[in-house]
Amino acid sequence: MKNKILQTQKKQPYRNSNDYLQSSTSEDLNRVAERYDVRITKAAIETIRGDVSSDPVALQYLPNPAELYQDHQDLDDPIGDEGNTAIPGIIHRYRDRVLLIAVRVCAVYCRFCFRKEKIGPSAQTLSNDELSNAIEYIRNDRNIWEVILTGGDPLIMSTKKLQSILTQLEDIDHVKIIRFHTRIPVADPDRITQELCDVLSAATKPIYIAVHSNHEQEFSDKAQKSIHALHKAGCVLLGQAVLLKNINDNASTLDRLFRKMVENRIRPYYLHHPDLTIGTSHFRLSVEEGQRIYNEMRRSLSGIATPRYMLDIPGGYGKIDIATPMIHKDEHCNFHRVDDLNGGTHSYPPQEPLADVQDKPSEIQNTDKNSVLENSMQLVHTDTHD
Ligand code: SF4
């Protein structure tokens, strides 16, 4: 694994051949790398196509002095992980599911990550005893229906270790679903080996894999092959993305990303509004901008390609859907106003007779229940003898 990953030395700038990085001093970049780990895979580098100052893959991974800026809205613990940590490695926010954080390292370090302060080689990975305690915690709470292995990136663990965790979770009767959140299929597709797929396909419980990708460009040929291998291994594939300024903050880029996911058998699940993580304000948009982009995007996308637009409430209160409601109740009326995807507004139920109802033959509109039933029975009878 190590020779596949290019990792910066703390005292060196990541790259120095580009205007973008030349405009920042190497001292600035060193300060970023001293505070937050920097790591990018060869596979991710190969998906960078243009100038790194604007390339949507490069901007996700290359350090930026803007990370040293702390905005007044930034929070230490943006989604309340700490308050919901039951024991080391277990975040228990919802009654029927837990996050199991077995590792705190990733194949790549995304500059916008909401756990950026808590991941990297310097962050503590669970000891074997802590991992056993975490599994025991899950075993002892019969409400836990789903276990979500998240990050750090769980697929960075050795296949042997993953197999051991899977076996232990499969042994717990009340755990019905095992979910992984990962960036590896797009960031380090070689890691999706036949050996790993064999372990996943041998699982007796449903394995869901939420693949994190923020731009269509990340779907290299290798990435698509690795996703196909996971699908062939019987995993259910979900897609998640973060709405990021200058990377995917327009409807057509998101449209292409979510279509690409569906074409690769990934069902888009969540589009996350960016969290208030320290050092990430340069990636953030306002909720209003996000809603405008999301509204425009969903106008063109089929239902199977449309994720929900989600906000994680600071303080650990959970995720909510923040897409603009398309239905409104006027308190002075006994009907709703509904917006269609083309900007039209209608009442529900319709307050005017609809043209297609008016056009129906009167005998159909006036048919009583008994005659409908009689006619249906005759049809059933006819079909049986055909
Ligand atoms: S792979 Fe996931 S956990 Fe790791 S840095 Fe990226 S977003 Fe954060």
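The values are calculated or read from the model by the stated rules, or taken from the named source; none is laboratory data. All of these numbers come straight from a predicted model, not from anything done at the bench. Note: ideal-geometry Cβ built from the backbone for every residue, glycine included; neighbour counts use all protein chains shown.
Looking for whichever is free of Cβ contacts under 8 Å to residues at least 60 places away in the same chain and over 17 Å from residue 219 (Cβ atoms) here; the options are 302, 252. Which one fits?
Working: 252 fails: over 17 Å from residue 219 (Cβ atoms).
Unique residue meeting the criteria: 302.
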Within region 203-240, restricting to residues that are touching a His at 6+ places or on another chain (Cβ under 7 Å) and among the hydrophobic types (A, V, I, L, M, F, W, C), the one that is nearest to residue 45 (Cα to Cα) is 210
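Residue-wise test of (1) within 18 Å of residue 272 (Cβ to Cβ); (2) without any contact (Cβ under 8 Å) to a residue 24 or more places away in the chain; (3) within 16 Å of the ligand (Cβ to nearest atom).
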residue	(1), (2), (3)
104	no, no, yes
115	yes, no, yes
119	yes, no, yes
130	no, no, no
134	no, no, no
159	no, no, no
168	no, no, no
177	no, no, no
Filter pass, residue 254 being surrounded by 23 or more Cβ atoms within 10 Å (Cβ to Cβ) and within 16 Å of the ligand (Cβ to nearest atom): no
Only one of these conditions is not met by residue 285: (1) free of Cβ contacts under 8 Å to residues at least 24 places away in the same chain; (2) part of a loop (DSSP other than H, G, I, E, B). Which number is it? (1)
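Here is a yes/no grid of residues against (1) under 16 Å from residue 275 (Cβ atoms); (2) near the ligand (Cβ under 9 Å from one of its atoms); (3) out of contact with any Asp or Glu (no Cβ under 8 Å at 6 or more places or on another chain):
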{"site": "67", "(1), (2), (3)": "yes, no, yes"}
{"site": "72", "(1), (2), (3)": "yes, no, yes"}
{"site": "97", "(1), (2), (3)": "no, no, no"}
{"site": "111", "(1), (2), (3)": "yes, yes, no"}
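Confirm whether residue 99 is in a helix (DSSP H, G or I), crowded, with 20+ Cβ neighbours inside 10 Å and not assigned by TED's automatic domain parsing to the domain that holds residue 34.
Working: in a helix (DSSP H, G or I): no; crowded, with 20+ Cβ neighbours inside 10 Å: yes; not assigned by TED's automatic domain parsing to the domain that holds residue 34: yes.
Judged against the criteria, residue 99 is not a match.
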Somewhere in region 192-201, is a residue touching a residue at least 24 places away in the same chain (Cβ under 8 Å), of a type in the set (Ser, Thr, Tyr) and away from the ligand (no atom under 16 Å from the Cβ)? yes
Keeping to region 122-144, report how many residues are surrounded by fewer than 16 Cβ atoms within 10 Å (Cβ to Cβ) and among the aromatic types (Phe, Trp, Tyr). 0
Going residue by residue through region 270-280, is there one that turns out to be away from the ligand (no atom under 15 Å from the Cβ), surrounded by 22 or more Cβ atoms within 10 Å (Cβ to Cβ) and under 20 Å from residue 187 (Cβ atoms)? no
